[in-house]
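Scroll down for the structure; my scribbles are underneath it.
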Amino acid sequence: MDSGQTLFEFCLTYFEQFKQEFASYNVRTDPAMELREGEGLLCYYDLKDGHIYLSLPDLSNPVGKLQLLFIRSVLGCETNDEVLYFLRLLLPRVIAHEMAHHFRHRYGLFSNNLWQEEQIANQLATAVTKQRLSTVEREDARKFLERSIAILEAKLEVDQEGMDSYYSIWDALSVGGEIGDVALGYMELAHELFSIQPAEILDSGGQLSADISQRLEHREQVIDEINTEYASNFMRYLYYQLSWLYLDLSTRENHYVETFARKWLDVYTPMLPLLSDVDLPSEEAILAVFKAYLDVSHYSEAGAHYFYKRYRALLLTRLQSVELSLPGQAERLKKESAFLLQNWNGDEKGSDMLEYLSHIAPPALRRLFPNQIREQIQRQFPIQIHLPTDTDRRLWRHIVLQEDDQGAANTLSRLNILDKIEIYKALPAEVLLELAYNFCRVKTSSHEPVIWQGEINNDVYILISGRLEAFVTNDGQERLLGKILPGEVFGEMAFFTHEPRNATVRAVEPSECFVLKDSDLHLFSFKYPSIIMQMARILTRRLRGNSPILADEVNLRPVFFDAMQG
């Protein structure tokens, strides 16, 4: 906060900054919405007039000084300067939190479940404030919050209700040390794959202590009480908010504006639909996809790779369905084709082994292999009739016919990026599409950090524009490790090691990244094990090459097997 700047002016600066930042993700505030000075001690968004009211102590008058003394007493601060320091750290989050209420209200999604609305608002607030706090500031905030929570629990005669009412009960238990990181990963995966609720997962092992079981049973009652009382009891309201903030700062999970927009505002970047399964592709479909590959090769390298992968997958699916008369030949063909589908380096010209498979394929299907298929395709082949999915048709029309299709354009743009990255380029087309769909954008201004040295987070990033630098800080001295340029992946080692980040990565100029969240990558690795094998292969090669950034970022130890198990 600048010298002489009031707390409200400080908040107004962040309010304007956040409006611009959210607009860059296509999430826009109502132009009439204002940040106004309020009365009392609560900050809130008014559902009636659509404005945010921020009530802060004004130290220029006696009432404001009394308010500050009250806050000192409630939070256990020893001096006014200590209170003001933590207000400076936490008030940007308060502003973003109330702006999230505004967005939910403006988009017609604000519900009567006020506990849920608070959790949703905290996710947006965390997305724009957590990474702006250094690891030192986060630790200062955590110590302050631990003390304040303990004081409020004693005053309110409650025990861990704030922690137990957090939106992710398993994250709360993980922060408290009741469950480990590996167990946490399994729980998240089970929830995503099978929609199993947290209480069911936690109870399934039968190893929970009586105390935790009782807390789980009490959780729903606490949430009901929050919905009933909401902000009518200031002390309780403050206690819950501080407890949730403590967990937001302590968990491994990072939140991002674009994931908030997708999940809670239904604001999406238009993309092509994910590929649906084709039970038994016809020969015409295989011919059509190969013809699309030939057509697109003149316009887009990434598009050509997409259609060649589609052709390859359909052909191998067809091969796996054939019945052969020779004993064991069909089984051998299935095994060989499955192996080739999962272990291909992405080079359709130099090292594809389809020619090898063609020698053991039945004669009727050999004409569909690369060395013969061109002779089967007529110049006027009705490609759009036989392309197997709407995604294939739309992408072909966008590239070859120059058809205006924003979803196809966005998808192709992301395929272009993935196609240049060694870790991802060889993955099957359906996996690449799903990756492209799940990536979210992260925008940073000059000198803003993407990753902090010492933080615990396992998300993986791709720089798509701008320039970043990686450095380590020891005894207050920075040492530059290297630059990160567009198209480069960073942060992936933490996914395997689960260790704190050993380097800071920050923007040299305004930059934009794609990020794949740790929880999403675990889900992908379960569905598509080839992702983990490909990442492990590339990272092992980098480590053998003594990459200066990797050598300083991680402890060099065999972690790949552990990562696949966990």
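Things worth noting here:
- The set of residues in the stretch 67-103 that are of a type in the set (Lys, Arg) and crowded, with 20+ Cβ neighbours inside 10 Å contains only Arg93.
- Candidate set from the stretch 151-166 (those that are under 20 Å from Glu220 (Cα atoms) and without any contact (Cβ under 8 Å) to a residue 24 or more places away in the chain); member that is surrounded by the most Cβ atoms within 10 Å (Cβ to Cβ): Asp159
- Scanning the stretch 8-23 for residues that are exposed (fewer than 13 other Cβ atoms within 10 Å of the Cβ) and at pLDDT 95 or above gives Glu16, Gln20, Ala23.
- The stretch 405-451 - residue that is outside any helix (DSSP H, G or I) and among the small types (Gly, Ala, Ser) and, of those, surrounded by the most Cβ atoms within 10 Å (Cβ to Cβ): Ala426
- Lone qualifier among Ala503, Ala470, Ala536 - being surrounded by 15 or more Cβ atoms within 10 Å (Cβ to Cβ), in contact (Cβ under 8 Å) with a residue 60 or more places away in the chain and among the hydrophobic types (A, V, I, L, M, F, W, C): Ala470
- The combined condition, being at pLDDT below 90 and buried (at least 16 other Cβ atoms within 10 Å of the Cβ), is fulfilled by Ile169.
- Residue list for the stretch 37-50, restricted to those being free of Cβ contacts under 8 Å to residues at least 24 places away in the same chain and either of a type in the set (A, V, I, L, M) or surrounded by fewer than 13 Cβ atoms within 10 Å (Cβ to Cβ) (or both): Glu39, Gly40, Lys48, Asp49
- For the stretch 51-66, the criterion of being buried (at least 18 other Cβ atoms within 10 Å of the Cβ), modelled with pLDDT under 80 and not in a loop (DSSP other than H, G, I, E, B) is met by no residue.
- The residues on offer are His298, His255, and the sole one that is assigned to a loop (DSSP other than H, G, I, E, B), assigned by TED's automatic domain parsing to the domain that holds Phe144 and either out of contact with any strand residue (DSSP E or B) (no Cβ under 8 Å at 6 or more places or on another chain) or surrounded by fewer than 18 Cβ atoms within 10 Å (Cβ to Cβ) (or both) is His255.
- Complete set of residues in the stretch 128-150 that are more than 20 Å from the chain's Cα centre (by Cα) and either surrounded by fewer than 17 Cβ atoms within 10 Å (Cβ to Cβ) or not in a helix (DSSP H, G or I) (or both): Ser134, Val136, Glu137, Glu139, Asp140, Arg142, Lys143, Glu146, Arg147, Ala150
- Subset of the stretch 385-404 (residues that are under 18 Å from Leu275 (Cβ atoms) and in a helix (DSSP H, G or I)): His386, Asp390, Thr391, Asp392, Arg393, Arg394, Leu395, Trp396, Arg397, His398, Ile399
- Scanning the stretch 67-92 for residues that are over 29 Å from Glu117 (Cα atoms) and assigned to a loop (DSSP other than H, G, I, E, B) yields Cys77, Glu78, Thr79.
- Pair list, Cβ under 6 Å, 6 or more apart: the stretch 248-266 residue in contact (Cβ under 8 Å) with a residue 40 or more places away in the chain, other residue part of a loop (DSSP other than H, G, I, E, B) and of a type in the set (S, T, N, Q): Arg252/Asn457; Asn254/Asn457
The values are calculated or read from the model by the stated rules, or taken from the named source; none is laboratory data. Because the structure is predicted, anything quoted here is derived from the model rather than measured. Every residue, glycine as well, gets a Cβ built from its backbone with ideal geometry; the counts of neighbours run over all protein chains shown.
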